[in-house]
Each structure stands twice: as structure tokens, then as C-alpha cells.
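Presented below is the structure to which this report refers.
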Amino acid sequence: MKTEHLESSRGGGIGGFLPSKGKMMAMEETDAGMDEQLAALGYKVRASDMANVAQRLEQLDMAIGGSAAQDDALLSHLASDTVHYNPSDISNWLENMLSELNAPPIPAPTATHPKSISFDFPSENLSSSVPNPLDPDYCLRSDYQVEGRSRNRKRMRTSSSSSSSSRTAAPAIESIPAVAAATEISSANPVVVMVDSQEAGIRLVHALLACAESLQQENYKAADAILKQISILASSQAGAMRKVAGYFAEALARRIYRLHPTQDAFLDSAFSDILEMHFYESCPYLKFAHFTANQAILEAFSGCRRVHVIDFGIKQGMQWPALMQALALRPGGPPSFRLTGIGPPSPDNSNALQQVGWKLAQLAEAIHVDFEYRGLFANNLADLEPFMLESDESEAVAINSVFELHNLLARPGAIEILLSTVRSLRPRIMTVVEQEANHNAGGFLERFTESLHYYSTMFDSLEGVAGGEGQQDQVMSEVFLGRQICNVVACEGPERTERHETLAQWRLRMDGAGLRPVNLGSNAFKQASMLLALFAGGDGYRVEENEGCLTLGWHTRPLIATSAWCVAGAGESG
């Protein structure tokens, strides 16, 4: 049959001629117990000897994996008059080859990889723990420690067939079939190496850290070379890891090549507001921030007939409809509600703050709340003066800041000026929501490591609740976070505004400004947990109480924190 002819011609007698029928019958008797697949390729290996042959192939691979000079010496040796046995009898042939090459003993088999590997992001001693990504073989080898186990180093080489008659007389080493992997490799084509995505993920993390270390040492040439390896390693990843690596690679490239395009601050702010709206829809972080802050403000306004909320970043005003509805349902009727919304000037002079006020006024009229709104433009919160906020002593004042205070840390003394203004207003409560991360201390490498860990977790949480790849809200949310990554990694000085600090650091700042903490209470904790239970795919999110503050995180990592503060003795008016 045609199939039999093709198989016989591929692996049959010398020169590809077909053996006679009688010889075939004799071969069937002689080859009893031989592996059929390898027999079809012309190699005689008993099924019972497969394990030994695999070990010998690995020994041979290690023996010939030396330097280029060693390879040349080996080829000269193979091309000499030394007689080698017929490689079709692969077991005996390997034994003779190994005896001549004096191969080292086979090492004990390495342990298999676990199904999941948690990445640990080291922040020191990187030069000794991180393999050198500048090595040309970096992407094709595994010579680092994984979960405490070392993998044997193997050198992969491409090969080509030779037309030399002297080399034809001896079997070509590069054309030995990889029995252990059950793979047939042609000697005329380059070797294709399949890199395990899990291993590549670990190498990707090490490469990112090595690139950051080179940048800290101002070795831009090395950082540039490592950056090229990062793009190769990232291509083997999928999901959150690939995306977050892409944003960090872009940020590293901007830092290496000093690409800091001048942007219109007004347009940039407007675009950020749009991205933040998508971020609000795709995950519960902003919902949690608004809900917990509103709950604290609502409790602080208990029994007050005139209330005034000052929002340090009103944006689209998404936080306030819920508070207005809660005030409308308050026993005894809603109080008189005044809202001051602060934001940057509009890029097109459209007075976006006033448009937000009109929408909220329409809602207030529908739910019968006495409402007054005032929009206040400010390029920087530190420029605010108490008189600008028109606080009335008959009002109970609440100040709200969601992801706004950390921007002031780019200007020396700015946060102290603003907190001094807050203290002079003597609010009943000041609610603060900030990222629970330390991106404003230590050197560049420490900041890079912390941000890589933080945003990897954040991207994981987006993937965990996503309804499917390519959804607009998720994509825009990734862009929203990607812009933060770029600012944390690529920028320095006043341009680096994403200077996130932890809850413990904010406690020190607030205490130094004369503000004391207000316990958010168990009721806020329970209601925030209920909110997450209603959020689709929220199983991975965790609400935790931290010394009177609330944090929201993904699994075991807190990502944002809500805290409340007041001035001692404030809150008797209203």
C-alpha cells in the first residue's frame, strides 16, 4: 500500500531501497519487542530500553554542550578515522559514543514544576539573584532557582547538514533524534524551542527587575538590551501578566530614552476623567471609595439642618447622587445641602464643573432636597485659601478627597499647606481615599518593585471580574492604570505626581497636621461587604478593617484605603 511504501522508504534499507519480502519476514522475527515508532524511522530500540536510551541521550546532550572551541574539537574527532557503530542500533551506538566522550554521570531527575508559582519580588541583592538577560541564551534556558529547586542548564544550538564526505562517514551529532521528548528534529532546519509560559513568566519578572536595576545604576546600554528581551518574554504570556508587562516595558523605555512628551494639562485631566468613569464601571474600587466616604459623611451630619460638602476632586460628580438620596430619606426630612466642587479649568472653556452642578440640581429637585452648588476652578489644591471656600459657621462642613492628596507630594510643602487650610475650616469630618501602596519612598528600584507588585495585583483583579476580553470598560480601565504606571516609573521631580503612600504614612502626616482619626465603625464594614457581594465576580475582593479605617484588596493584598479625620473640638455647629 502507499502508506507502507512511504514508511519503508523513509526508514528502510541503505539508500532507501525496499527490502525483499523474505527479509521483511526475518526482520519481524528479529525485531520483536522493538519500539514500533522508532523502528519506522530506522532505529532499533527495545521498548524496555527506552528509559536507558533517554538518559544516555541526555548525557550526550550535556557532553556536547560546551564552548565553541569544544564543539570544533568534537567535530574534528568525529570526522577522524575513528570507527563508530551503526546508529540504527541506537542503544549500543550511544553507549560507545559516551564512552569515547567520557560523559559525566546522569544527574538525578529534577522535580516537576508546581501548577502555580507565586512570584516574589526581591528588592535587594538583585545582582546576585537575577540571571543576566544580556546572555544570548537567556530566553532559551533555565539556570535560576524556582521554588528552591535548580534546573539543569542546557545549551540549545541550531545545526545544518554538511556536504563533506568525511562528515558523511560519521553520524552527524545534530541529527540524533530526541527520543526523550519524542520529537523528530531535522538537521537542515533551526531548532524550535518551546518555552514554558510559567517559566517565561518568572524570567519576565527577573528581566523587568534587572532592567530597573540597570537604570538605577545609570547603565542605559544594559537596560536597553534587557528591554529587548522583555518584549520576547512578554509575548509568551497571556492575560494580566502580558498586559502589565507591556505597560511596565513602555514606562522603562520612556525612562531609558527620556521620552517625556509635553502634554496639555487641561486635555490630560479631561481624558483622565473619562478613563476614570470606565474604571468606575469595570471594578468596585471607586464604588467602595464613594460608598465608605458617603457613609462616614452621613453619620457626621446626623441631626444637622445645614450641611456643606467640599469635594477636592468632583470630576463627574458620580459620588453625590447616593448621598443626596440618603439625606432625602433621613427621618425628619432632608437638610439644606450645599456642595462645593473643585476641579481644574476646562480645556475648551465649556465650564464642565457647572454642567455637573446642573445635573445634580435636577436630581435634588426631583427628590425634594434644598440644594446649592458652586464650582471652583483650581490648578492645584495647595493654592486654595479658606476664604475661597465660603464656609459658614452655621453649617456642618465635610471635606472629601478621593485619590487627590498624593498628587500634592510632588511639590515640597504643598500637602502641609492644604492640611493647614483644612484645619482652619474645622470640618466635622474629612474623608480620604488613597491607594494602599508605597510609591514615594526609597530609590528607583524599590519603587519599581513595589509598583510591579501592586499593579500586577490590580490587573489580576480586573481580569478576575471581566466578562470577556475586549470589553470597553476593561480596556479603558487598563489604560487608566497604565498611565499611572508610566508616571510612577518614567517620571521624576514635579512631573511624577502618582506618589502613593500607605495608610501608616498618611496617619503620620495627618497627626502632624493636628487631625485625629475618626473610626469608620462596624456598620460601614458590613455594608461595604454587602456591596461587594452584589458586585459580579467579586469573590476575590476582600474588605478589611485597619485601626478604624477600611481597606479593599484583591485576595490578600490591600489596594485602596478609606480613612476619616477631624479637628479636635470641631463639629458643635449646625
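The values are calculated or read from the model by the stated rules, or taken from the named source; none is laboratory data. Nothing here was measured: the structure is a model prediction, and the numbers come from that model. We place every Cβ from the backbone using ideal geometry, glycine too, and count neighbours over all the protein chains shown. Side chains included, ligands, DNA and RNA excluded: accessible areas come from the protein's heavy atoms. Shrake-Rupley method; radii C 1.70, N 1.55, O 1.52, S 1.80 Å.
Quick look at the values:
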| read-out | value |
| --- | --- |
| Of all accessible heavy-atom area on the range 271-414, the percent that carbon and sulfur account for (1.4 Å) | 52 |
| Whether the range 485-574 is rounded, prolate or oblate, judged on the alpha carbon gyration tensor where a/c under 1.5 counts as rounded | oblate |
| Shape call, the range 297-424: gyration tensor on alpha carbons, a/c limit 1.5 | oblate |
| Counted charge near Leu503, where neighbours are those whose Cβ lies closer than 10 Å (Asp, Glu -1; Lys, Arg +1) | -3 |
| Inter-part distance where the range 403-419 and the range 266-310 are each reduced to a Cα centre, Å | 19 |
| Length gained when the stretch Asp273-Ala378 is fully extended (0.36 nm per residue, less Cα-Cα span) | 36.2 nm |
| Euclidean distance of C-alpha centroids, the range 214-241 and the range 311-325, integer Å | 41 |
| Environment charge at Tyr285 (Cβ cut-off 12 Å; Lys +1, Arg +1, Asp -1, Glu -1) | -3 |
| Mean shadow area of the range 392-438 over all directions, Cα convex hull, nm² | 3.7 |
| Order by protection proxy (mean Cβ within 10 Å, highest first), peptides 241-250, 541-550 | 241-250, 541-550 |
| Solvent-accessible area per residue for the range 200-309 (1.4 angstrom probe, square angstrom) | 41 |
| Gain upon complete extension [Arg411, Ser394; 0.36 nm per residue less C-alpha separation] | 2.7 nm |
| Length gained when the stretch Gln527-Asp348 is fully extended (0.36 nm per residue, less Cα-Cα span) | 60.4 nm |
| Förster-model FRET efficiency, 60 Å R0, Asn52 and Ser231, C-beta, rounded to 0.05 | 0.90 |
| Note, ³J(HN,Hα) from phi for the range 362-378, Karplus 6.51, -1.76, 1.60, rounded to Hz, x at Gly and Pro | 4, 5, 4, 5, 5, 9, 6, 10, 5, 10, 9, 10, 9, x, 10, 7, 7 |
| Rg/Rh ratio calculated on Cα atoms of the range 202-339 (Kirkwood radius) | 1.21 |
| Only Lys, Arg (+1) and Asp, Glu (-1) charged, at Cβ; the range 397-542 dipole about Cα centre in debye | 880 |
| Order by protection proxy (mean Cβ within 10 Å, highest first), peptides 309-318, 511-520, 417-426 | 309-318, 417-426, 511-520 |
| Spin-label pair Gln216/Arg258, simplified geometry with 7 Å Cα→Cβ offset, distance in nm | 2.3 |
| Whether the range 418-488 is rounded, prolate or oblate, judged on the alpha carbon gyration tensor where a/c under 1.5 counts as rounded | oblate |
| Highest to lowest packing among 554-566, 388-400, scored as the average C-beta count within 10 Å | 554-566, 388-400 |
| Residue-normalised accessible area of the range 339-476, given per residue in Å² at a 1.4 Å probe | 42 |
